[in-house]
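The values are calculated or read from the model by the stated rules, or taken from the named source; none is laboratory data. The structure displayed is predicted, hence computed values, not measured ones. So basically every Cβ, Gly included, is an ideal-geometry build from the backbone, and we count neighbours across all protein chains shown.
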Amino acid sequence: MKSLYLSAILLAAAALQTHAQTPVSVGAGSYASFPPASENTIDGNNDGKGDLYQFVYDRPIYVAADKMNKPIPTNDWWTDLVVSQYGGLMWAYPLVADPEDYGVKMYYPNSFVADGSNIAYGGSMMIKAAGYTPSKAIAKDWSDWGLVMSLPDSLHNKNMDVTMAHGIPFMWLETQGINPEFSFDRGASYLTQSGSAIQFPTSNSFVIQTDGRYFGIHLSGSTTAELQGQQYVRIDLGSVQTITKVKLNWETAFAKGYAIQVSSNGTTWSTVASEVNGNGGLDSLSFNTSGRYIKLALGEKGSIYAYSLWEMEVFNGATLLSRNKPVEVSSVEAAFAGANVNDGNTGTRWASDGSAAERLVLNTGNGNAYFVVSALPAPGDLPTYETYAFNKVTNTAVGYDYDANAGKVYVNWNITTANLKGQAAGNTIQGFLPHLYQNAANSIAFTAVNYVTPRGSMKTAIGKTFSFTYDFNGILPTYNSPYRNAADASPYNANAMFDMLTRFSKKTGYGGDTYWGGKDLVNYAKYTLMAKELNHQAYQSLKAKTRESLVNWLTYTPGETEKFFARYDRWGAIVGFNESYGSAEFTDNHFHYGYLIYACALYGMTDPDFLTQYGPMIKLVAKQYANWDRTDNFLPFFRTFDPWIGHSYAGGTSSSTGNNQESTSEAMQSWIGLFLLGDMLNDEAIRDAGAFGYISEAYATLEYWFDWKNRNLPAAYPHNIVGILSNQGFAYGTYFSASPVHIHGIQYLPVNPGFKYLAKDTTWAKREYSDMMTESAAIDGHTSETDFGDDWAHVALGFRQLFDPKYAAGFMANNLALAPTDTRYIMDYEVAGMTYFYTHANQNLGFFSFNFRTNFPSSSVFEKNGAFSYAVAYNPAASAKTCNVYNAAGAIVASFNVPARTLVTYPTLPTTGQQPTGCYGLLPATATATSGNAALAVDGSLGSRWESAFTDPQQLTVDLAVISTVNKISISWEVANAKNYTLTGSLDGNTWLPIATKTNMPTGNRTDIIDNLNGNYRYIRMDGTARNTQWGYSIYELEVCGTAATGAAPLVADNTLASKAELKTDVTAPILYPNPANDWVKIQSKTKDIYSLTDLQGKMIQTGKLDAGINTIDISRIPKGLYIIRIKDQTFKLIKSNQ
């Protein structure tokens, strides 16, 4: 039955698609034209359609008809509106809109709940109308931080539009065919700007007080407001009397707001006293008036109940006028009659009907009308807000520009308004949050009005254009190789680093989903760059694996079931499969695809052709989460990023209570990837978007998740960190765990040089790390990072090394001293090599500087004791450029040349490219033999062996993938071993040079060691010519010791092209070895040519001719350091290791 049901799903899916699945080409990449049926096998709704296809093709999208052919926004503060019939809470700040099946409910949160975890909604104001039943709420229009929501009642030809925008204390309501009615779940008082009770009906603007909030109601002048259903107590004194005092003896259900009114005829009333902040108990109000009738007009409730009075007494001096006089009340609850209110018995009481509804009605003549709701700080602010209330916001647009030379990101906030009264479009009141005004320079004249939000205090300003300027000093993609500094307490250990990289280089495969698979892609790319900088022999194989994995994700072949992207036409989206954690419905898209984009940018540093060929597809995926192109008609602008609030949202379609985000660091990684991609492609639009997103989200992270300056989280919130930040508040937790290491660590991972913003304030960073350790000990009993487990230990150390590399280096040195079998050993984890490499690079360089910068986007500057120490810069251009280092005043303190597509550290490190000592096992890429399974001789296991045929001669050839300096060869023989054999080596697989000849070797198990070698080979061959037994040749393991001899790769054009199958080495390119070199360096060239040798500043050191073949170049007279050798369009980085 299950298989039959699955077949039904697939048949339904097939029916939905009447055209064949085809790859859509984008550059050299491609994507599926729609999600294949293989992705639609889950049917949680049991409707036979499959969950994915139901979402992609059938789920209602609640937007205006003219917007259905536009890209549909998701992942925003209001986008639950897009997928839900009536939408959820829309946190505009300071007001909140909540669409309902009767109209709209509004909140004005201005304080926090007792434990500080959320902002308190407060009493609601409901806006509805008689005969008005909207069938849905839809997004009618939207802009960068603005929204127009429409609530159509097409059956009755009625409608209400609500316009709102982040940070603007107005909501504009435009109605069609209705008389809006206001009601309040906690009652209301109606006031003038002076705070006194207003007289209804009125066509003037007025104030509504409810639950300690003040809503301004701004009327057009042609609309009249009147009060219906107000609860009251009215006493007829029998004749006109002088009245000097009223006493009110409240039961628990008291009125916080009320007015005392008098009348001589029972028709025309005047207010003689009012209260807006009553607290129950006994109220005594004195005045001097006269009237026959006296009325207690009840407003805002003081409790969750209705209204109840033990006694209402009216006096003229000492004379009680009201005892047992006729009483009229608006409603009665059960037996609590109105006559009880003036019977002189404090044991009886009157209570109003709790279900009775008071309505404030705006009489519009059931035509087209408008009114404005504002969030007033106090009633006295009504006139000021009236000045701007009718300037409806019609568009909001953020502009940004990154100036690498100035080290600035300029941000402009632009608002377009239209005056509802037909007057000139004027200014509005716009609010801004701490990530902007606390961290970006500005000359804005902020008003004295601030609002409470879950992001701290929101300042306000008046205008339509506002400008801010952030300091931004670039992002470093990676480091040059660390070096061993004997002065360090825990110096760099090349052997340990090479071993970790070697272990990773043996990894095969990668995850098939966009999240875990994305992590694998980044790891491959990072290790590829490290291998290049370390001159590690696995560089080419890692490069091949990285390219193959990236190309696989960036292309679609019909029939494949993972590692591809597919298009959603109806939504305007490009989505990766396999999906995970809801990413098929846009959840966490910036996390998932940010890994891919970051990996592409890093890998592109080694293979510019890859970016040229696959750049269009890479950019398409990047646009899925961070589309910078407003003219794009397929994907929405900045899908996952809210530019005004300063951070991204993870919720794909939001939720009924708003949106949220957990992992700030993965959001930041998505910006790092975008920024670096823009730099690698020389695409300013991408780079500028990356810079804006990065600097905004960096400060939003520090201000709102970490509250690094202790100025934003409410005092009652008991933590210094937020695990999940939502529109309404804070959670000390994650979606997968309540452990402190996870709550803190999800804001640190994965280890990344671009996370330097976490080291901007080292005092805070130390406190944050201490909090994590203290909380982990208290809650989980963890006393050391090793207790976190291998993965989270490296997450913690990856953060620590940003501001305290000495600690991280010492911790890892101690851990490396443990046996790998020790349960505390963490240095065999996949990311260990990255943590180690970055830690020691930072220990060499100093601390990230925020006082110095360069003019290179892909760079960082370091300092020691407040003084400039090093700059690390990458030049992605095809020609050399000059990198300037500036101090805080903008003066140039250093300049250096950076060759094309080269990463340079300035000043040159004392030594780089240090190789392991002792026997470092070179990694065979492949092994072949005349017979048998040759791979078993080089698999690193003494439990397996290669066995040849039982004849002579036999041959085993090992390919090291790159030319390597070989210093030792070990052969572990089984009993069936060689009596006579030779070892030869070759650079190209054609010309073989002798290494050793062995004759009359002993029988039995043995290990032959051939050492004291100093040859450069790519291939090693064993030729067995005579056996010691009747069986064949049998080798447990053939191990080659040494180091990669050639520079990791040409630093300019790498013309190697790759398919999904395999990357092949370009054997026509010149080869340089050894590297590092002492007195000479060899260059193997296929043709006659010219070489030049320069220093990093471009100064010519020497030049000369090359013959076809192997050329020896004398470098004995030049000082040790880093040099550049150029041969036509090929550039090599040469390390001169001694003098």
- Task: Report the residue count in segment 543-562 for those that are crowded, with 24+ Cβ neighbours inside 10 Å and assigned to a loop (DSSP other than H, G, I, E, B).
- Result: 2
- Task: Could you please let me know if Tyr838 is out of contact with any Ser or Thr (no Cβ under 7 Å at 6 or more places or on another chain), closer than 26 Å to Ala486 by Cβ and surrounded by fewer than 24 Cβ atoms within 10 Å (Cβ to Cβ)?
- Result: no
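Conditions (1) over 22 Å from Ser196 (Cβ atoms); (2) free of Cβ contacts under 8 Å to residues at least 40 places away in the same chain; (3) assigned to a loop (DSSP other than H, G, I, E, B), marked per residue:
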{"site": "Leu237", "(1), (2), (3)": "yes, no, no"}
{"site": "Gln241", "(1), (2), (3)": "yes, no, no"}
{"site": "Lys247", "(1), (2), (3)": "no, no, no"}
{"site": "Asn265", "(1), (2), (3)": "yes, yes, yes"}
{"site": "Thr268", "(1), (2), (3)": "no, yes, yes"}
{"site": "Val272", "(1), (2), (3)": "no, yes, no"}
{"site": "Asp283", "(1), (2), (3)": "no, yes, no"}
- Given the conditions (1) surrounded by 19 or more Cβ atoms within 10 Å (Cβ to Cβ); (2) within 19 Å of Asn473 (Cβ to Cβ); (3) touching a Lys or Arg at 6+ places or on another chain (Cβ under 6 Å), and given that Leu936 satisfies all but one, which numbered condition is not satisfied? (2)
- Message: Against the conditions (1) at pLDDT 70 or above; (2) crowded, with 17+ Cβ neighbours inside 10 Å; (3) farther than 24 Å from Ala877 by Cβ, where does Trp1080 fall short? Just the number, please.
- Response: (2)
- Task: Count, please, the residues in segment 183-223 that happen to be surrounded by fewer than 21 Cβ atoms within 10 Å (Cβ to Cβ), in a strand (DSSP E or B) and basic (Lys, Arg).
- Result: 0
- Task: Sort out which residues of segment 289-333 are closer than 23 Å to Thr267 by Cβ, among the small types (Gly, Ala, Ser) and not in a loop (DSSP other than H, G, I, E, B), and write them in order of number.
- Result: Ser290, Gly291, Ala297
- Taking the options Gly474, Gly509, name whichever one is free of Cβ contacts under 8 Å to residues at least 24 places away in the same chain and on the phi > 0 side of the Ramachandran plot. Gly509
- Message: Only one of Asp588, Asp569 is of a type outside the set (Gly, Ala, Ser), surrounded by fewer than 24 Cβ atoms within 10 Å (Cβ to Cβ) and either under 19 Å from Pro73 (Cα atoms) or at pLDDT 95 or above (or both). Can you tell me which?
- Response: Asp569
- Of all residues making up segment 370-397, the number that are over 19 Å from Leu360 (Cα atoms) and part of a strand (DSSP E or B): 7
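Condition (residue is part of a strand (DSSP E or B) and under 16 Å from Ser239 (Cβ atoms)) applied to segment 335-345: is it met by at least one residue?
Checking segment 335-345: not a single residue is part of a strand (DSSP E or B) and under 16 Å from Ser239 (Cβ atoms).
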- Kindly indicate whether any position in segment 691-703 is aromatic (Phe, Trp, Tyr), at pLDDT 95 or above and not in a helix (DSSP H, G or I). no
- Residue set Ala525, Ala441, Ala489; condition more than 30 Å from Trp172 (Cα to Cα), touching a Lys or Arg at 6+ places or on another chain (Cβ under 8 Å) and either aliphatic (A, V, I, L, M) or crowded, with 17+ Cβ neighbours inside 10 Å (or both); output residue Ala489
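Can you tell me how many residues within segment 490-530 are β-branched (Val, Ile, Thr), under 29 Å from the mean Cα position of the chain (by Cα), over 17 Å from Asp607 (Cβ atoms) and outside any loop (DSSP other than H, G, I, E, B)?
Going through segment 490-530 one residue at a time, the tally reaches 0.
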- Kindly indicate the residue of segment 285-334 that is surrounded by fewer than 18 Cβ atoms within 10 Å (Cβ to Cβ) and among the basic types (Lys, Arg) and also farthest from Gln199 (Cα to Cα) among those meeting that condition. Arg323
- Message: For segment 351-364, which positions are assigned to a loop (DSSP other than H, G, I, E, B) and in contact (Cβ under 8 Å) with a residue 40 or more places away in the chain?
- Response: Ser352, Asp353, Gly354, Ala356, Ala357, Glu358, Thr364
- Message: Could you check segment 82-123 and list, in sequence order, the residues that are among the hydroxyl-bearing types (Ser, Thr, Tyr), assigned to a loop (DSSP other than H, G, I, E, B), touching a Ser or Thr at 6+ places or on another chain (Cβ under 8 Å) and surrounded by 20 or more Cβ atoms within 10 Å (Cβ to Cβ)?
- Response: Tyr93
- Query: So, of the residues in segment 249-263 that are without any contact (Cβ under 8 Å) to a residue 60 or more places away in the chain and in a loop (DSSP other than H, G, I, E, B), which turns out to be surrounded by the most Cβ atoms within 10 Å (Cβ to Cβ)?
  - Reply: Phe254
- Regarding Phe586, is this residue farther than 18 Å from Leu554 by Cβ and touching a residue at least 60 places away in the same chain (Cβ under 8 Å)? yes
- Message: Looking at segment 708-761 only, could you name the residues that are closer than 30 Å to His840 by Cα and basic (Lys, Arg)?
- Response: Lys709, Lys756, Lys760
- Task: For segment 726-743, indicate whether the set of residues that are surrounded by fewer than 24 Cβ atoms within 10 Å (Cβ to Cβ), part of a loop (DSSP other than H, G, I, E, B) and among the hydrophobic types (A, V, I, L, M, F, W, C) is non-empty.
- Result: yes
- Query: Before we move on, is Thr74 exposed (fewer than 15 other Cβ atoms within 10 Å of the Cβ), in contact (Cβ under 8 Å) with a residue 40 or more places away in the chain and either among the basic types (Lys, Arg) or in contact with a strand residue (DSSP E or B) (Cβ under 9 Å, 6 or more places away or on another chain) (or both)?
  - Reply: no
- Message: Given the options Thr514, Thr502, Thr546, name the one that is closer than 21 Å to Val751 by Cβ and at pLDDT below 95.
- Response: Thr502
- Take the residues of segment 154-182 that are among the aliphatic types (A, V, I, L, M) and in a loop (DSSP other than H, G, I, E, B): which is surrounded by the fewest Cβ atoms within 10 Å (Cβ to Cβ)? Leu155
- Query: What number of residues in segment 870-922 are touching a Cys at 6+ places or on another chain (Cβ under 6 Å) and closer than 21 Å to Thr1094 by Cα?
  - Reply: 3
- Going through (1) farther than 30 Å from Phe1132 by Cβ; (2) charged (D, E, K, R); (3) touching a residue at least 40 places away in the same chain (Cβ under 8 Å) one by one, Arg630 fails only at (3)
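One line per residue, one yes/no per condition, for (1) surrounded by 15 or more Cβ atoms within 10 Å (Cβ to Cβ); (2) over 26 Å from the mean Cα position of the chain (by Cα); (3) within 25 Å of Ala700 (Cα to Cα):
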| residue | (1), (2), (3) |
| --- | --- |
| Tyr388 | yes, yes, no |
| Thr417 | yes, yes, no |
| Ala424 | no, yes, no |
| Pro434 | yes, no, yes |
- Message: Give me the residue from segment 898-915 that is closer than 19 Å to Ala1077 by Cα and of a type in the set (A, V, I, L, M, F, W, C) and, out of that set, surrounded by the most Cβ atoms within 10 Å (Cβ to Cβ).
- Response: Val904
